[in-house]
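Scroll down for the structure; my scribbles are underneath it.
The values are calculated or read from the model by the stated rules, or taken from the named source; none is laboratory data. Since the model is a prediction, treat every value here as computed from it, not as a measurement. Positions of Cβ are backbone-derived with ideal geometry, glycine not excepted, and every protein chain shown enters the neighbour counts. Surface accessibility is based on the protein's heavy atoms, side chains included, excluding ligands, DNA and RNA. Shrake-Rupley method; radii C 1.70, N 1.55, O 1.52, S 1.80 Å.
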Amino acid sequence: MAKVELTPFRPWDDFFPGAERFAKPDTKDLAKWNNRVVSNLLYYQTNYLAMAIVVFLIVGFLNPLGMFTAMAVVSGVFMGSVWAGENRAVISNFKKHNPTAFVIAIMVASYVVISMLGSVMVFMTAITLPLALIFAHASFRLRNMKNKLENKIEGAGLKRSPMGILLEALGQQEENFQKIQSFLEGKLKE
């Protein structure tokens, strides 16, 4: 098993180039759109982390108690859902067959608990704003050859990253691993 490495910070002109490297995702082909998002999440993960930290710091300075509450609730709900996904067959099947719905369920559950604690605006600002910015960039940013190559290396298990581990826990990379495994098995048979 490969050791976990943080990907390098991508330069600004690669992360946010001119308009020619952005395009509207094909909403009719959800698998292709999902592949683009996952690929960009893996490739630009350090840039996304830096962007999220900046938003967290700004919101944290404005409302530290609400920020702590929101982070604790989302972390608890996420850890509980991952545990349940690994230890409960019904949830594991749901996660495997509906990975996007599983992520949405985690976010909705977090929202409900946070609303009971009165920190909804902190949640919306500190958690949802960075996620929305990251999802928008990952959806609209076209992939380049270096992006695709890096993702194949990670998918083959030659390199591991924090985002890859997170996506695997959410069930977003299982199809890629199955495709690579089938490809390697086919090559071994030849």
Give, as ranges by residue number, the residues of the stretch 36-53 whose backbone N falls under 20 Å from the point 7 Å along Cα→Cβ of Glu5. 39-50
Carbon and sulfur %, accessible surface of the stretch 8-79 computed with the full protein complex present, 1.4 Å: 74 percent
Distance cut-off 27 Å, Cα to Cα: go down the list Lys32/Lys96; Lys32/Lys95; Lys3/Lys32 and report the pairs above it. Lys3/Lys32
Report the extension gain between Leu142 and Lys96 in nm, rounded to one decimal, defined as 0.36 nm multiplied by the number of residues separating them, less their alpha carbon distance. 13.9 nm
So what is the relative contact order for the stretch 1-149, in percent, with contacts set as C-alpha pairs under 8 Å and at least six apart? 39 percent
How far apart, in nm, are two points set 7 Å out from the Cα along the Cα-to-Cβ line at Met124 and at Asp14? 3.7 nm
